[in-house]
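Each remark here refers to the structure printed beneath this line.
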Amino acid sequence: MRHWPITELELSTPDLVLRLPSDAELDELAQVAAEGVVPDGAVFFPQPWASAPPAERARSVVQNHWWARGDWSRDNWRLLLAVFHDGQVIGQQNLSARDFATTGEARTGFWLGRRFQGQGYGTQMRAAALALAFDGLDAARVTSTAFADNASSRGVSRKFGYQPNGVHRIAVEGRPFDAYEEVIASADWQAHDRLVPVAVTGLSSAIEYFR
Ligand SMILES: CC(C)(COP(=O)(O)OP(=O)(O)OC[C@H]1O[C@@H](n2cnc3c(N)ncnc32)[C@H](O)[C@@H]1OP(=O)(O)O)[C@@H](O)C(=O)NCCC(=O)NCCS
């Protein structure tokens, strides 16, 4: 799209391609969500969309993507990328920021359909988001927040050398959860082994949307 050049942005890792989905691909992503993201009864997100009934879960994915694009501004943006493996949609990688031009800080979020978890794809997704943030957008630091018992999400952060950045106690559906924030600074990213090679293409025409 000439008038939404973020559609040109593409991140590639050895096994994955991350880019904005078409509406048909967004529908596929919603179906992946409907088929399950978290174990029954688990709460891994501050907005408990993933534990809603399947149809509601799927609809919230669709609406979230439309909302994120509609609400986009340079001061407050949320990039929600679909993740493709062998042409099949398997999950979603987010990179978001407020006042990025001033703070240089962005945050990530991610999820995979349950049948795609535990195979290293989350690590490749995080690497892609960090490469976009640090190498593409010149971020100063990137944060990730995961609930205490989310071993996979915290495991991915550990692999990239994130540092603890505080624990928030938050309420989700009337229950308390400890949300562990972790942070990686640009210097640490540059010094750390590149666990996953990432290619970023199509950023030049979109960069003014981010900063
Ligand atoms: C979080 C998520 C995206 C991670 O993706 P993934 O593909 O499953 O993660 P990976 O396989 O790349 O890596 C997970 C790492 O955590 C480690 N890990 C998993 N469970 C662990 C445990 N109980 N203790 C210690 N490490 C653990 C794994 O061993 C792996 O590290 P390794 O590659 O060094 O072995 C995926 O699991 C998911 O979608 N979960 C549900 C949604 C969710 O929780 N989203 C994040 C909210 S903050």
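The values are calculated or read from the model by the stated rules, or taken from the named source; none is laboratory data. Keep in mind it's a predicted model, so treat the numbers as computed, not measured. Heads up, the Cβs are rebuilt from the backbone with ideal geometry, glycines too, and the neighbour counts pull from every protein chain shown. With ligands, DNA and RNA removed, areas are computed over all heavy atoms of the protein, side chains included. Shrake-Rupley method; radii C 1.70, N 1.55, O 1.52, S 1.80 Å.
Here the mean projected area of the convex hull built on the C-alpha positions of region 116-204 is 7.0 nm². Protection proxy ranking of 204-210, 30-36, by the mean of other Cβ atoms within 10 Å over each peptide's residues and highest first, is 30-36, 204-210.
Its DSSP H runs of at least 4 residues, each contributing -39,500 (n - 2.57), put the calculated 222 nm mean residue ellipticity of the chain at -8000 deg cm²/dmol, to the nearest 500. The residues of region 5-209 expose, per residue, 47 Å² of accessible area to a 1.4 Å probe.
Just the protein heavy atoms count here, and of the accessible area of the chain at 1.4 Å, carbon and sulfur take up 48 percent. Ranked by the mean number of other Cβ atoms within 10 Å of their residues, highest first, the peptides 195-202, 129-136 come out as 129-136, 195-202. Computed extension gain for residue 72 through residue 207, at 0.36 nm per residue and net of the alpha carbon distance, reaches 47.3 nm.
In terms of the mean number of neighbouring beta-carbon atoms within 10 Å, the peptides 161-172, 80-91 order highest first as 80-91, 161-172. Pick from 96, 51, 22 the residue whose mean-square fluctuation is largest in a GNM of the chain, springs joining Cα atoms under 10 Å. Most flexible of the set in this elastic network: 22. Here's how it looks for residue 110: its modeled amide H is under 5 Å from those of 94, which are all 5 or more places away or on a different chain. Approximating the spin labels as points 7 Å out from Cα along Cα→Cβ, the residue 31-to-residue 188 distance works out to 4.0 nm. If you bin all the Cα-Cα distances of the chain at 10 Å, starting from zero, the percentages per bin are 8, 35, 41, 15, 1. What accessible surface, in Å², does a 1.4 Å probe find on residue 173, ignoring ligands, DNA and RNA and rounding to the nearest 10? Roughly 140 Å² of residue 173 is accessible to a 1.4 Å probe.
The calculated pair-distance distribution of region 89-152 uses every alpha carbon pair, bins of 10 angstrom beginning at 0, and gives 20, 49, 26, 5 percent.
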